[in-house]
1. Given (1) under 23 Å from the mean Cα position of the chain (by Cα); (2) in the same structural domain as Leu267 (by TED's automatic domain parsing), identify the lone condition not met by Val182.
2. Search the stretch 191-247 for residues being among the hydroxyl-bearing types (Ser, Thr, Tyr) and more than 23 Å from the chain's Cα centre (by Cα), and hand back the single one that is farthest from ligand 2 (Cβ to nearest atom).
3. So which of Thr314, Thr248 ends up being modelled with pLDDT under 95, in the same structural domain as Gln218 (by TED's automatic domain parsing) and surrounded by 17 or more Cβ atoms within 10 Å (Cβ to Cβ)?
4. Which residue out of Glu292, Glu203, Glu221 is over 27 Å from Gly312 (Cβ atoms) and either assigned to a loop (DSSP other than H, G, I, E, B) or without any contact (Cβ under 8 Å) to a residue 12 or more places away in the chain (or both)?
5. All but one of (1) assigned to a loop (DSSP other than H, G, I, E, B); (2) within 28 Å of the chain's Cα centre (by Cα) hold for Leu250, so report the exception by its number.
6. Give Glu332, Glu292, Glu300 a once-over and let me know the one that is of a type outside the set (Ser, Thr, Tyr), over 19 Å from the mean Cα position of the chain (by Cα) and not assigned by TED's automatic domain parsing to the domain that holds Val233.
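The values are calculated or read from the model by the stated rules, or taken from the named source; none is laboratory data. Owing to the predicted nature of the structure, the values given are computational and were not obtained by experimental measurement. Cβ coordinates were reconstructed from backbone atoms using ideal geometry, including for glycine residues, and neighbour counts include every protein chain displayed.
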Amino acid sequence: MTPSLLLLLLSCGACFQNCFDPALPTDDNNDDDKPDDPEPIDTGDPKDDTGPLPAPPPCSFPEVEPNNLAGDAMPITMEAWACGTLLDEGGTTGTDNDMVEFTVNDTGWISLWARGEDIGSFSDLDMTVWVTPEGAEDYDELFLPDASPGSTDPRMNFPVEAGDTVRVSIKDRRGGEGPAYVWEFLATSEKEAPIVCAAEEDETAGGEDNDVVSRAAQPLESGVILCGDTSGVDLRDHYVLTVPEGSTTLRIRTLAWQLGSAMDTTLVLIDPAGEARRTVEAADLVRDPEIEYATTDAGEWVLRVEANNPRGFTLAGWYGIEATIDTVAPEEPPAE
Ligand SMILES: [Ca+2]
Ligand SMILES: [Ca+2]
Ligand SMILES: [Ca+2]
Ligand SMILES: [Ca+2]
């Protein structure tokens, strides 16, 4: 691909941004060209307040090809936009792979966001992430995030350590045929965790793990958000719901994908006899399942929280579960 063609495509990307995203500023003095002088946006100083999110493009890190292989990943910094175009070497289809890499400055949660659809592209962006701890020989964590609420653009949050190297691959999921899709990417440091936990999972509360119904031991308290994790090979967690005598409505909600977890959750509600009464899987557009179930069967019910990620396991499989147990006590028999 010639440099002039790349410039033309990047210019198209800028046009997409300004035409389709009214939230983005327009710069009348700068036409629709990418800036010639990329400068990372330094928001490291809290006094340097640019608002809740770093300033949107201009792009601080226009991609430099070749960047298809891990060793060629383009170095970038957090809090600054990178951008590029998915175009194969022949310049005709979108089978490109673009990789960026950065080092984490502060321990805590980070957010990764790859934009395509949001800026007017018909791409279906795919983001794969590797995290390598400082001094490690190779990555030890692999995330497979997917779309985010309201968009096919992947966006996710997960905790990291200072010194970690994060490498990100951006592709079009459909691959093969297609126009030259533009993308933008931003990594930001989150000031707070995306979820507030009132209780934490105890994986071994009932034995070696909580992977089967018979080892369900940890109670879910009504109205309390419990945070758990299904990362790696730990794909199932079981909890106890104690249903008293009377007419009870169980309401269970999941807080995961909507907050940036890579987890696709399946909930299974199991009665005291061990029979599954209700199973709700992640839907395409809403991947955090909810259950509302009425029963008069008192006893120890079990809730299974299962990672059912269509693209395999992830190490960003964190979740929150909130169960409420509403019971109307049985009527007292009339006095003699
Ligand atoms: Ca590219
Ligand atoms: Ca590339
Ligand atoms: Ca677990
Ligand atoms: Ca488990």
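1. Result: Val182 fails condition (2) only.
2. Residue satisfying both the conditions and the ranking: Ser247.
3. Thr314
4. Numbers: Glu292 fails: either assigned to a loop (DSSP other than H, G, I, E, B) or without any contact (Cβ under 8 Å) to a residue 12 or more places away in the chain (or both); Glu203 fails: over 27 Å from Gly312 (Cβ atoms).
On inspection, the qualifying residue turns out to be Glu221.
5. (1)
6. Glu332
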